[in-house]
Amino acid sequence: MERFLAEVERRAFHIARYSLRDDDEALDAVQDAMLKLVRRYSSRPAGEWQPLFYRILGNCVRDMQRRRAVRNRVIAWFGRGDATGRERDIVAEAPDCREPGPEKQQQLDDAMQALQQAVADLPPRQREAFLLRQMEGLDVAVTARTMGCSQGSVKTHYSRAVHNLRERLGEYW
Amino acid sequence: MAGDNRQTDFEKRIGQALRQHSDQLDAATRSRLARARSTAIDELRDNRFSWRNRWFPLGVAAAAAVVVALLLSPNPPVPVPDSSTRIEPLEDLDIVLAEDSLELIEDWEFYRWLEDVQDVG
């Protein structure tokens, strides 16, 4: 179990962060998913852990998004703070991990940031299907089981995601 | 590409880029992820230990209760079998196996003759 968690934790963090656009909340979501997997499903065969984990993670992310929406409504009700629902700009807040180097490196970084932003801006189900398939390497059947939908739906979400990304990232990728 | 398991070059490129990027995390985030994993694994170990701890005393208590119940209980009443199905004890085994009985069987013809003679007489 520990090896499995160590193997997926980084990708899981990124997948959660694309949806939540907040490092702390993404870390909380990953930790919640780890705990729930361990508590409920550690006795299940190891081959089932990956879809179970990502299904739990998806639920944790949605719970956090719902809580955030409620919090924003409450804050808006009392007229305090910024409750316009404006989401943080992860590109602007992303740590600057660029090494000082040639112009080419700058272009690669720009392309990467554009990709991240484009993925983050995808509709939730498209993003989920795309990230599970591309980052986690799940096939269509396992992705469908993870997302709790049909394989046809996964194919639709995924192909729309790719279409959106291609339209937006054509100049970079 | 209709979303099946084949991928175009575009998909392969962005997929590879995303996977490579996912490995690049700052030390603080890596540390927090490791702590989260450690917390989950600790809980898994605690759960297994606590289940063992929970069942072992229960098993011992149950075994002790059975022993105490057996020691303290009065002799249980012996069920009386129905007379029709009662099996006679083997008290008469020695009679059955006595030598004279065997002689009786051996002299059966003699006693039959004796009985006939007495009837005639």
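Across peptide A:128-136, what mean number of C-beta atoms from other chains lies inside 10 Å of a residue's C-beta? Mind showing how you got there, number by number?
Details: counts 0, 1, 5, 3, 0, 5, 9, 5, 2.
The mean count of partner-chain Cβ atoms within 10 Å per residue comes to 3.
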Within 10 Å of the Cβ of an average residue in A:3-12, the count of other chain Cβ atoms is 4
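Sorting check: for A:55-66, B:21-32, B:56-67, which peptide has the highest mean count of neighbouring beta carbons within 10 Å, and how do the rest follow? Mind dumping the intermediate values first?
Numbers: A:55-66: 18.3, B:21-32: 14.0, B:56-67: 9.8.
Peptide ranking by packing, descending: A:55-66, B:21-32, B:56-67.
Only the coordinates and a few stated rules stand behind these numbers; no lab work does. All of these numbers come straight from a predicted model, not from anything done at the bench. All Cβ positions, even for glycine, are placed from backbone atoms using ideal geometry, and neighbour counts span all protein chains on display.
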